[in-house]
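The values are calculated or read from the model by the stated rules, or taken from the named source; none is laboratory data. Quantities reported herein were computed from a predicted structural model and do not represent experimental measurements. Because the Cβ atoms are built from the backbone with ideal geometry, glycine has one as well, and the counts that use them run over all protein chains shown.
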Amino acid sequence: QQQVKQSPQSLIVQKGGISIINCAYENTAFDYFPWYQQFPGKGPALLIAIRPDVSEKKEGRFTISFNKSAKQFSLHIMDSQPGDSATYFCAAHFNKFYFGSGTKLNVKP
Amino acid sequence: NAGVTQTPKFQVLKTGQSMTLQCAQDMNHNSMYWYRQDPGMGLRLIYYSASEGTTDKGEVPNGYNVSRLNKREFSLRLESAAPSQTSVYFCASRGWGAEAFFGQGTRLTVV
């Protein structure tokens, strides 16, 4: 049973547009929700993270929105750039990390 | 500061061969993890070690063994490789700050 469900599987956005990736979870014991960015041939790297006592966190063009009652969280990339083209993973942590299945983002120039 | 270092980067094995994937971190982290990454399936946890001297199974431990040699090193062993173990393997470590740091990965092909 997948602990964290991520959608969409792939996403195409025009340069300057907004990219939105969604994740849902079931386990209310999760205490930390990071997003990772992965470029081809590289390991995942932390992009931004949030704890469940906060509803939103913004770092530059990247924002996490967190809805505790709905058990959902999402990543918003504002003013998307071709350099943002990568695979994005959401994750949830309780003793160990559980990852979503990933979203391949392609930002077209 | 190297972070998390994995060796080798690439490996081709024949079915039935054994090998050990090495991982070392220089951040004095307590927790270390081994994941495999397959297309469309994200990162699945194979084994993890919450601290030196302890190891626990993750989601997909069958066919693998691990050793937490010391605080720095966490190795993953395939005793008898199978084509189903063809994957990209990532080692990660985590300190008190909750962020997990990943290595560059080992691309393993079993023929």
Selected residue (only one of B:SER75, B:SER51, B:SER93, B:SER87 is of a type outside the set (Val, Ile, Thr) and touching a residue at least 60 places away in the same chain (Cβ under 8 Å)): B:SER93
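The rows are residues; the columns are (1) touching a Cys at 6+ places or on another chain (Cβ under 8 Å); (2) modelled with pLDDT of 95 or more; (3) surrounded by 15 or more Cβ atoms within 10 Å (Cβ to Cβ).
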site	(1), (2), (3)
B:ASN1	no, no, no
B:LEU13	no, yes, yes
B:GLY16	no, yes, no
B:LEU21	yes, yes, yes
B:ASN28	no, no, no
B:LEU43	no, no, yes
B:TYR47	no, yes, yes
B:ALA50	no, no, yes
Every residue from the range B:54-66 that is under 16 Å from B:THR20 (Cα atoms) and either without any contact (Cβ under 8 Å) to a residue 12 or more places away in the chain or acidic (Asp, Glu) (or both): B:ASN62
Check on B:TYR47, in contact with an Asp or Glu (Cβ under 9 Å, 6 or more places away or on another chain), of a type in the set (Ser, Thr, Tyr) and farther than 17 Å from B:THR109 by Cβ: yes
Listing of strands (runs of 3 or more DSSP E) fully contained in the range A:70-109 that carry 1 or more residues being within 15 Å of the chain's Cα centre (by Cα) and within 14 Å of chain B (Cβ to nearest Cβ): A:86-94, A:96-99, A:103-108
Subset of the range A:43-84 (residues that are surrounded by 12 or more Cβ atoms within 10 Å (Cβ to Cβ), under 23 Å from B:GLY95 (Cβ atoms) and not hydrophobic (A, V, I, L, M, F, W, C)): A:GLY43, A:PRO44, A:ARG51, A:PRO52, A:LYS57
Index of the failed condition, B:LEU13 passing every other in (1) free of Cβ contacts under 8 Å to residues at least 60 places away in the same chain; (2) more than 27 Å from A:PRO34 (Cα to Cα): (1)
Check on B:GLY58, at positive phi and either touching a strand residue (DSSP E or B) at 6+ places or on another chain (Cβ under 6 Å) or modelled with pLDDT of 95 or more (or both): no
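For the condition over 23 Å from A:PRO40 (Cα atoms) and either in contact (Cβ under 8 Å) with a residue 60 or more places away in the chain or among the aromatic types (Phe, Trp, Tyr) (or both), what is the one hit in B:ALA81, B:ALA100?
On the way: B:ALA100 fails: over 23 Å from A:PRO40 (Cα atoms).
Going through B:ALA81, B:ALA100 in turn, just one is over 23 Å from A:PRO40 (Cα atoms) and either in contact (Cβ under 8 Å) with a residue 60 or more places away in the chain or among the aromatic types (Phe, Trp, Tyr) (or both): B:ALA81.
Looking only at the range B:80-87, decide whether some residue is at pLDDT 95 or above and under 24 Å from A:TRP35 (Cα atoms). Write out each step before concluding.
Going residue by residue through the range B:80-87, those that are at pLDDT 95 or above are B:80-87.
Narrowing further to those that are under 24 Å from A:TRP35 (Cα atoms): B:87.
Looking through the range B:80-87, at least one residue is at pLDDT 95 or above and under 24 Å from A:TRP35 (Cα atoms).
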Filter result for the condition that a residue is out of contact with any Ser or Thr (no Cβ under 7 Å at 6 or more places or on another chain) and away from chain B (no Cβ under 14 Å), over A:LYS5, A:LYS58, A:LYS42, A:LYS15: A:LYS58
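Could you grab me the full set of residues in the range A:10-39 that are assigned to a loop (DSSP other than H, G, I, E, B) and within 17 Å of the chain's Cα centre (by Cα)?
Answer for the range A:10-39, where residues must be assigned to a loop (DSSP other than H, G, I, E, B) and within 17 Å of the chain's Cα centre (by Cα): A:GLY17, A:ILE18, A:GLU26, A:PHE30, A:ASP31, A:PHE39.
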The one condition in (1) buried (at least 16 other Cβ atoms within 10 Å of the Cβ); (2) more than 14 Å from chain B (Cβ to nearest Cβ); (3) not acidic (Asp, Glu) that A:TYR25 fails to fulfil: (2)
